[in-house]
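Enquirer: Quick one: the structure is below, and I'll ask about it shortly.
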Amino acid sequence: MVSAGVFVGLIVAVIVRSVSGIDGQSRALIDSKQRSVFQSGVVTILSKSHADRNVYPSAGVLFVHVLEREYFKGEFPPYPKAGDSSNDPITFNTNLKGYPDRPGWLRYIQRTPHSDGVLYGSPTAEHVGKPTIIEITAYNKRTFETARHNLVINIMSTEEFPLPYQAEFFIKNMNVEEMLASEVLGDFLGAVKNVWQPERLNAINITSALDRGGRVPLPINDLKEGVYVMVGADVQFSSCLREVETPQNQLRCSQEMEPVISCDKKFRAQFHIDWCKISLVDITKVVAVHSNRPDPGTGVLPDIGEYNPPSESLKSRDYFTDFLITLAVPSAVALVLFIILAYSMCCRREGVIQLVHHSSIQKSTKELRSMSKNREIAWPLSTLPVFHPVSGEVVPPLHPDNYETTSMPLMQTQTNLQNQIQIPQQQSSGKWYS
């Protein structure tokens, strides 16, 4: 719902079959409607798509064009079974006729294949008088059929727009498609009008935060992308809007704290505004910067005559210098390093000591390995019991002298001893038995 004093102009153009088929009576009707809207104070231009048509936005005013799925459903065959509700996924592709993309000032968004598409943007004065033909192609992802319509955008120039004082707000709890809805945009303009108190107010442009380098929010807690909304008015900025420029609020913004704005409560019910990102511009004081662009020319290369390829007979080349650089020099450096290393290891005392030490270690290792292969000595007596644990009799050796002991571990385990020695147990009568 738009507050008092804020008018949202909804231009409904006459549906025609082709651009060239607009007769004089229809054009007169469109011109009369356009003039009546301008006289009543337009703030934004909204239109809906139903066929090949002409629209007449103004430079410096927000232009919104809705691509309705419901209309394009009629362009595709219905479901084969009677009674089935048609809910085909439909996507749109928009481009400037003869080019792969849209004009720079025109953007397009469609969140899902089951939602409407929206063309929006703000044409500038340099686009005035240049009819822009936008090709709209609808794709039915169920039947893989297409439907195409043309949208002719005739940008008009007015002396009233753009308004001299422009303010850009960053709304954190909105997505761009939500803000483009006429009801939501009207509510925001009404809140701005209550704070600013201008005689004329209009929406100039709407930009998604993602187009300004913002990050895609996490899909938690119903986070939004954020949207920038630029509005224009014909009076100076109010004291409330200039509160963000005070040193106290600038300090709070530098410390990533919310500034204290007296009129924030008028927006807080529906719109969460980041006051640190507000931008106030007075275009009457902006100095225009003109850059001298070079003449692009005709795009045709000058005639410099015919191309003369090189002759087939090539001169011989001596590769001896290349050989010296790539092979001889590195080889000479390697040889010098080898001589220095040999002198350090063989001719100096420290190197000789290291070689002798290494040789002695290697010799001792070989000797120990040969001894471990030829172990023929008997088991140490400390590892064998010398008497019977019960009777006290001397126990003979566990193994004969010719027993191979090279594979025997040095220490007997308890399990092996039990298998080799049978301890006599005492009978009930007091006699011992084996």
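Enquirer: Quick check on Ile90: is it over 26 Å from Leu185 (Cβ atoms), at pLDDT 90 or above, out of contact with any Ser or Thr (no Cβ under 8 Å at 6 or more places or on another chain) and not charged (D, E, K, R)? So that I can check it myself, show each step before the final result.
Expert: Numbers: over 26 Å from Leu185 (Cβ atoms): no; at pLDDT 90 or above: yes; out of contact with any Ser or Thr (no Cβ under 8 Å at 6 or more places or on another chain): yes; not charged (D, E, K, R): yes.
When the stated conditions are applied, Ile90 does not pass them.
Enquirer: From Arg107, Arg102, which residue is crowded, with 19+ Cβ neighbours inside 10 Å and touching a strand residue (DSSP E or B) at 6+ places or on another chain (Cβ under 6 Å)? Outline the logic, then answer.
Expert: On the way: Arg102 fails: crowded, with 19+ Cβ neighbours inside 10 Å.
Testing whether each residue is crowded, with 19+ Cβ neighbours inside 10 Å and touching a strand residue (DSSP E or B) at 6+ places or on another chain (Cβ under 6 Å) leaves just Arg107.
Enquirer: Are there any pairs with C-beta distances below 6 angstrom linking a residue in the range 147-167 that is of a type in the set (Gly, Ala, Ser) to a residue that is surrounded by 19 or more Cβ atoms within 10 Å (Cβ to Cβ), with the two at least 6 apart or on different chains, and if so which?
Expert: Ala147/Phe72; Ala147/Ala138; Ser157/Ala59; Ala167/Val231
Enquirer: Between a residue in the range 176-194 that is within 14 Å of Tyr228 (Cα to Cα) and open to solvent by 40 Å² or more (accessible area, probe 1.4 Å) and any residue that is part of a helix (DSSP H, G or I) and not small (Gly, Ala, Ser), which pairs come within a Cβ distance under 9 Å, given they are 6 or more apart or on different chains?
Expert: Listed pairs, sorted by first residue: Glu178/Val184.
Enquirer: If I ask for residues that are in contact with a Gly (Cβ under 8 Å, 6 or more places away or on another chain) and more than 19 Å from Tyr120 (Cβ to Cβ), which ones from the range 138-157 would you list?
Expert: Step one: list which residues in the range 138-157 are in contact with a Gly (Cβ under 8 Å, 6 or more places away or on another chain), which gives 155, 157.
Matches in the range 138-157: Ser157 only.
Enquirer: List every residue pair whose Cβ atoms sit under 9 Å apart, with the two residues 6 or more apart in sequence or on different chains, where the first one lies in the range 53-75 and is farther than 22 Å from Ile206 by Cα and the second, anywhere, is hydroxyl-bearing (Ser, Thr, Tyr).
Expert: Close Cβ pairs (under 9 Å, with a partner that is hydroxyl-bearing (Ser, Thr, Tyr)) amount to Arg53/Ser47; Arg69/Ser115; Tyr71/Ser49; Phe72/Ser49; Lys73/Ser86; Glu75/Thr146.
Enquirer: Scan the range 128-138 for residues that are on the phi < 0 side of the Ramachandran plot and either buried (at least 19 other Cβ atoms within 10 Å of the Cβ) or touching a Ser or Thr at 6+ places or on another chain (Cβ under 9 Å) (or both) and report the count.
Expert: First pass over the range 128-138, keeping only residues on the phi < 0 side of the Ramachandran plot: 128, 130-138.
Imposing the further condition that a residue be either buried (at least 19 other Cβ atoms within 10 Å of the Cβ) or touching a Ser or Thr at 6+ places or on another chain (Cβ under 9 Å) (or both) reduces the set to 128, 132, 134-138.
Of the residues in the range 128-138, 7 are on the phi < 0 side of the Ramachandran plot and either buried (at least 19 other Cβ atoms within 10 Å of the Cβ) or touching a Ser or Thr at 6+ places or on another chain (Cβ under 9 Å) (or both).
Enquirer: Which residues, taken from the range 253-274, are assigned to a helix (DSSP H, G or I) and in contact with an Asp or Glu (Cβ under 7 Å, 6 or more places away or on another chain)? Give the derivation first.
Expert: First, the residues of the range 253-274 that are assigned to a helix (DSSP H, G or I): 253-254, 265-268.
Result: no residue meets the conditions.
Enquirer: Same structure, new question: Can you tell me which residue within the range 208-232, out of those that are in a strand (DSSP E or B) and touching a residue at least 60 places away in the same chain (Cβ under 8 Å), is farthest from Val176 (Cα to Cα)? Let's see the steps before the verdict.
Expert: Just the residues of the range 208-232 that are in a strand (DSSP E or B), to begin with: 208, 227-232.
Now restrict to residues that are touching a residue at least 60 places away in the same chain (Cβ under 8 Å): 208, 228-232.
Details: Ser208: 5, Tyr228: 8, Val229: 9, Met230: 13, Val231: 15, Gly232: 19 Å.
Out of the qualifying residues, it is Gly232.
The values are calculated or read from the model by the stated rules, or taken from the named source; none is laboratory data. Since the model is a prediction, treat every value here as computed from it, not as a measurement. Every residue, glycine as well, gets a Cβ built from its backbone with ideal geometry; the counts of neighbours run over all protein chains shown. Surface accessibility is based on the protein's heavy atoms, side chains included, excluding ligands, DNA and RNA. Shrake-Rupley method; radii C 1.70, N 1.55, O 1.52, S 1.80 Å.
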